[in-house]
Amino acid sequence: MPLQLRPATEGDFLTLGRISKRAFPHASGLLFPTHLRQGTSSPTNISDDDDEVRWRAARMLSRWKLGSPAYVVVDVSGGSGDPSNKEEVVVGFAQWQEPGVKDPLKARGGAPHLLPATLDQDLIADLMERLPSEEKKAMEGYETADMYYLLMLAVDPSHQRRGVGKMLLRHGIDQATAEGKKVYLTATPEGKPLYLSHGMKQTGEFDLFGISNYVMVYDKECS
Ligand SMILES: CC(C)(COP(=O)(O)OP(=O)(O)OC[C@H]1O[C@@H](n2cnc3c(N)ncnc32)[C@H](O)[C@@H]1OP(=O)(O)O)[C@@H](O)C(=O)NCCC(=O)NCCS
């Protein structure tokens, strides 16, 4: 089996930053608009480890350090010869917020020192305010503090439709179910078919940056 799931380690996070930037090109273009990048040392941001990659990596790493677990799927099919020499390539990841844990990155997208000048500060502030309030509305009647919450699921575009997202989601749902917990998340239009195929149901819908987002829940009793 060339794809394997394992817990993320600290050394993975820069790669996770690169994957999330590539997986969300629409949000990426809005959060890090060209006009804010003009006049910086890398106006075209062609470097893979630009402000956005480092900002995304730092956010996920600080959440991880404060108790939000992350899992990666690695492809170990590359290379040839001695199987013990095969290099693993991280192709996707999921990060979860466990029941009872509050998101440490509440207002304004994280601690001020993490906010690069090339990030649209008003937009991230708006996002950090709107997302929880829309989720709260959609999840009325649920004890969300006692549920698992999917912070992010992203698969490198060159490895999508190979079952990576399915592995990561199944793993999270199975873990939650084993603990008798429910799961909720906000889905992009791209993610929605995957969640529906795992028995999740929609509890709300809202527009964010011109795109529909769907609040969805996995509740054993409803599937
Ligand atoms: C959404 C995403 C995580 C799916 O990951 P993936 O590894 O490509 O998905 P899988 O290969 O595991 O597909 C699992 C199932 O989901 C469905 N699915 C996945 N992508 C789909 C698509 N683009 N259109 C329709 N169905 C899709 C299919 O039912 C698929 O089952 P199949 O094997 O019968 O085709 C991935 O496309 C991604 O990272 N997208 C960009 C970021 C994003 O939107 N993340 C979700 C945030 S909520």
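So which residue, out of ARG22, ARG59, ARG37, gets the largest mean-square fluctuation from a GNM of the chain using Cα contacts under 10 Å as springs? Ranking ARG22, ARG59, ARG37 by mean-square fluctuation puts ARG37 first. The convex hull around the C-alpha trace of the chain, projected and averaged over every direction, spans 13.2 square nanometres. Sequence neighbours fewer than 8 away in the same chain don't count; with that in mind, list the lysines whose C-alpha is under 17 Å from LYS102. Once the sequence-local lysines are set aside, what remains near LYS102 is LYS65, LYS136, LYS181, LYS182.
Once the gyration tensor of the Cα atoms in region 149-203 is diagonalised, the equivalent ellipsoid follows with semi-axes of 19, 13, 10 Å, ordered largest first.
Each Cα pair of region 171-223 feeds into the Kirkwood radius, which the Stokes-Einstein equation turns, at 10 °C and 1.306 mPa s, into a diffusion coefficient of 139 µm²/s.
Once the Kirkwood radius over Cα pairs is known for region 111-223, the Stokes-Einstein relation at 37 °C and 0.692 mPa s delivers a diffusion coefficient of 213 µm²/s.
Rule-based calculations on the coordinates, nothing more; no lab input. Since this is a predicted model, take the numbers as computed values, not measurements.
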